[in-house]
Every structure is written in structure tokens, then in C-alpha cells.
């Protein structure tokens, strides 16, 4: 079976995909690649390509999707299929880039916990029954990665390239997927990606925000399973 590589969102680790890994790893190799060692999307993608299998399915959420698109740009022949979850193909908007600078200043001063708690994680989720539990997990993941990861990832997002042309040229099996209540990467970003990739499957998941892998794990896993069935083995 074709190996599957997961790329987590900003300040998240493999726990973001715990439910999916638990089921999908029964019949294929499943890897989660960290994306915080470098301060550019291009370097993160190049590093992944030195460590990943020769050919693999690629699923990225949020910043993970942004890095996945750069992997596709650099080596589309290695990507047997791609799933883009709650992400954005466009370059960073200048207003958002400007807002990252004071966040990085606060984190350098030791306020990572406060920045994640007050400015970032509360915007991620729908108002579901497991919201507090998921927010707690998000805080644990962020604190385990630490200040350097936050700065590297912030800089990488600020300077990321527009990937719309990358999407236009990719023809492999593609899933475009997002939570209906995602305020960070809203539905219209995903309809844009679907328009750029008319062969793709677009799934908008009700009762989920920016982290459907945690908010609606069963439905997310089912969508990934259906996508993986489209990818030839090998």
C-alpha cells in the first residue's frame, strides 16, 4: 500500500491525527512529519522530501496543507495523492503577517502560553461538546513544541508563496476538506481550491471548525479512507 504522510498544523504534532493514524495504519505505513525545524515553507518541504518515502500520499491540515502544496510544487511526481484540510493556497495577507510580529515578540519574552490561549487556539474550534478537551490538547501540543518552533513557523507562514498555479497543474487523486465553521481558513478558500482542481473531491463537514480531525474524527477518517481508495498501490 502507498505510504501516507501527515503534516500537522501550526504548533501541533502527531496527536492532531491520533484517530486517523489509529485506523489507517492497519493497512499501510503512516508517518507524521514535523514542520518546525526551518523558517521557510520551501526549506520545510525540501527537508521532508529527504526523509519521506520515494512516493507517498500526502495529507496536510492548515500549515501542514501549506507545506504540502510546496512539496507538490517541488516534487509532484513523489505525491501519489493529496488531501488538503482546512488550509489556504494564497500567500499571507499583509495584515495577518503584520499581526504575527507582536506575537513573536511576546513569545520571545516567554508568553507562548498566553499567546496561544488568548490569540490563537480559541479561534480554531466550533462550539462542540469536546471543545475544552480539544483546546487542552492544543495547548499541550504547542507547549511541547516551544518558542523556537513558534517563531520558525510564524516566519515560514509570513513568507509563503502563492500556490494556486501548483494546484492547477496537479492531477493526482485530491481531497479538499474543511470544517463548515472554520473561521481561520473559511469555506470559500476550499471552494477556490476545488475550482482550481476540478477533478478533486470537496467535502465541507458540518459541526466542525479548523480542526475536524479532533472535532469530528470519525467523519474525517472516513473521508480520508475514501480518498486513499482512489490512489493506486505502490
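The values are calculated or read from the model by the stated rules, or taken from the named source; none is laboratory data. Values in this document were obtained by computation on a predicted structure and should not be read as measured data. Virtual Cβ from ideal backbone geometry, glycine too; neighbours counted across all protein chains shown.
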(message) Could you check the stretch 78-100 and list, in sequence order, the residues that are within 12 Å of residue 58 (Cβ to Cβ) and free of Cβ contacts under 8 Å to residues at least 12 places away in the same chain?
(response) none
(request) Take the stretch 1-52 and flag every residue that is in contact with a helix residue (DSSP H, G or I) (Cβ under 9 Å, 6 or more places away or on another chain), more than 19 Å from residue 152 (Cα to Cα) and part of a helix (DSSP H, G or I). (result) 15, 16, 17, 18, 19, 20, 21, 22, 23, 24
(request) Please specify each residue of the stretch 183-203 satisfying the condition of being crowded, with 16+ Cβ neighbours inside 10 Å, farther than 17 Å from residue 173 by Cβ and touching a helix residue (DSSP H, G or I) at 6+ places or on another chain (Cβ under 9 Å). (result) 184, 185, 192
(message) I'd like the full set of residues that are over 12 Å from residue 79 (Cβ atoms) and touching a residue at least 60 places away in the same chain (Cβ under 8 Å), limited to the stretch 170-180.
(response) 175, 176, 177, 178, 179
(request) Give me a count of the residues in the stretch 151-166 that are under 26 Å from residue 108 (Cα atoms) and part of a helix (DSSP H, G or I). (result) 8
(message) For the stretch 110-138, give me the residue count where each residue is without any contact (Cβ under 8 Å) to a residue 40 or more places away in the chain and under 15 Å from residue 8 (Cβ atoms).
(response) 1
(message) Anything in the stretch 1-27 that is within 16 Å of residue 80 (Cα to Cα) and at pLDDT 95 or above? List them, or say none.
(response) 2, 3, 4, 5, 6, 7
(request) Name the single residue, out of those in the stretch 53-74 being in contact with a helix residue (DSSP H, G or I) (Cβ under 7 Å, 6 or more places away or on another chain) and assigned to a loop (DSSP other than H, G, I, E, B), that is surrounded by the fewest Cβ atoms within 10 Å (Cβ to Cβ). (result) 54
(request) Those residues that are over 13 Å from the mean Cα position of the chain (by Cα) and in contact (Cβ under 8 Å) with a residue 60 or more places away in the chain, I need them from the stretch 19-42; list them, please. (result) 19, 20, 23, 24, 28, 37, 38, 39, 40, 42
(request) Considering only residues that are under 16 Å from residue 16 (Cα atoms) and outside any helix (DSSP H, G or I), look in the stretch 103-125 and name the one that is farthest from the chain's Cα centre (by Cα). (result) 125
(request) Kindly indicate the residue of the stretch 75-98 that is assigned to a loop (DSSP other than H, G, I, E, B) and modelled with pLDDT of 95 or more and also surrounded by the fewest Cβ atoms within 10 Å (Cβ to Cβ) among those meeting that condition. (result) 90
